[in-house]
Ligand code: GLV
Ligand code: MN
Ligand code: MN
């Protein structure tokens, strides 16, 4: 089945009619439909399906022997997400296998296509949950007790879908069968000016929850001097996060809040806000968070509001395997296009977070190599197996939003690049 046909099949699944884009939270009907679609694609191709204990899916082309070459990505989305973040890597992987088979080529090593669970962390709060569990990067007990917006635990939800919550955790046997992982993904940082590039690094990033607790009261009858309004230190914290990001060369976002009780004419009793902070190095990220907390606590003291900070996840810098990354850049390269690898302005790489360099101007015959401010399963896998990423150009740079887009020709260039990469990596003894 062609890339376009697979793409067209996925497009209607999980569209968010209210805000546009997609809402494919893990283990909700749209994401389950995407998983069913993937299973069906694997069956049609005679690929062997394997579901691990953590909700991740693998479709194996069991040819050859030795350590496998794994590719793939994820099918869940952020709320209001674009069509490409995740699915592009899965569809391109299946299309690449079709191309290799159409050529009559046979791999010397197995090739696998992965669909990782809860990559966005949109439902249970921790991004890359499936790959973190697989690799042992999160305590299974903690994962089991993560709650979604309705208060349901990860353990409860996966049990309903046939997984044993007590059995989740690292899968050494599966990891031991993987020689390397290559994830293809839409580029998300306005930094790639060629159809296809190669990732160098993922900048440090994390998520923190801020709980502001005050006292609920009447919006009309409570004098300003008598209020303990948690909205005020919350507002101060949002501005401090922005200032901290600017001061430390990073980025900070408050994209999700919960206000209790949420009445127009009621002073809230509690505001919870989630801070996403990223930066060129760990110290910068820690400083952004510290500045935010300090401003929140000062304003909290002025308004009789307590402020608690909880770290929900932190991911240190990932520098992808240099040999693998350079190999990919050479395979994908060929003579660079006229505009390939035009260096982005300082700070523009990876969505503005930092002092890490923008794309390397490519040597003749290599693809652009660039860092990213977005997290990926490849970054998690990198701790256990040599990993790399291919990026497909995103002409506007918009991502995690309905307007996310890649041109059809660039998507096909991505498929061609991934095909060449799989052929090279799985073609060696
Ligand atoms: C995942 O896409 C992230 O960077 O948050
Ligand atoms: Mn994403
Ligand atoms: Mn993604």
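The values are calculated or read from the model by the stated rules, or taken from the named source; none is laboratory data. A quick note: this is a predicted structure, and the numbers were derived from the prediction, not measured. Heads up, the Cβs are rebuilt from the backbone with ideal geometry, glycines too, and the neighbour counts pull from every protein chain shown.
Of the residues making up the range 125-142, those that are surrounded by fewer than 24 Cβ atoms within 10 Å (Cβ to Cβ) and on the phi < 0 side of the Ramachandran plot number 8.
Is there a residue being closer than 26 Å to residue 44 by Cβ, away from ligand 3 (no atom under 14 Å from the Cβ) and part of a loop (DSSP other than H, G, I, E, B) anywhere in the range 93-103?
Within the range 93-103 (the criterion being closer than 26 Å to residue 44 by Cβ, away from ligand 3 (no atom under 14 Å from the Cβ) and part of a loop (DSSP other than H, G, I, E, B)), the answer is yes, since at least one residue qualifies.
In the set 58, 38, only one residue is touching a helix residue (DSSP H, G or I) at 6+ places or on another chain (Cβ under 7 Å), surrounded by 21 or more Cβ atoms within 10 Å (Cβ to Cβ), closer than 24 Å to residue 165 by Cα and modelled with pLDDT of 95 or more; that residue is 38.
Residue-wise test of (1) within 16 Å of ligand 2 (Cβ to nearest atom); (2) without any contact (Cβ under 8 Å) to a residue 60 or more places away in the chain; (3) surrounded by fewer than 18 Cβ atoms within 10 Å (Cβ to Cβ).
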site	(1), (2), (3)
379	yes, no, no
389	yes, no, no
404	yes, no, no
407	no, yes, yes
413	no, no, no
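Annotation note: of 121, 89, 189, the sole residue that is within 16 Å of ligand 3 (Cβ to nearest atom), within 15 Å of the chain's Cα centre (by Cα), under 20 Å from residue 372 (Cα atoms) and modelled with pLDDT under 95 is 189. When you scan the range 233-246, do you find a residue that is under 21 Å from the mean Cα position of the chain (by Cα) and more than 16 Å from ligand 3 (Cβ to nearest atom), even just one? Yes; the residues of the range 233-246 include at least one that is under 21 Å from the mean Cα position of the chain (by Cα) and more than 16 Å from ligand 3 (Cβ to nearest atom). Got at least one residue in the range 147-161 being farther than 25 Å from residue 275 by Cβ, within 16 Å of ligand 3 (Cβ to nearest atom) and either within 18 Å of the chain's Cα centre (by Cα) or in contact (Cβ under 8 Å) with a residue 12 or more places away in the chain (or both)? The answer is no; no qualifying residue exists. For residue 208, the conditions (1) under 25 Å from the mean Cα position of the chain (by Cα); (2) farther than 19 Å from residue 378 by Cα; (3) part of a loop (DSSP other than H, G, I, E, B) are fulfilled apart from (3).
Looking at residue 421, is it assigned to a helix (DSSP H, G or I), buried (at least 23 other Cβ atoms within 10 Å of the Cβ), in contact (Cβ under 8 Å) with a residue 60 or more places away in the chain and within 16 Å of ligand 2 (Cβ to nearest atom)? No; evaluated as a whole, the condition is false for this residue. Of all residues in the range 214-229, those satisfying the criterion of being under 24 Å from residue 308 (Cβ atoms) and outside any loop (DSSP other than H, G, I, E, B) are 217, 226. Checking each residue of the range 332-353 against the condition of being modelled with pLDDT of 65 or more and either out of contact with any helix residue (DSSP H, G or I) (no Cβ under 9 Å at 6 or more places or on another chain) or within 16 Å of ligand 3 (Cβ to nearest atom) (or both) gives at least one match.
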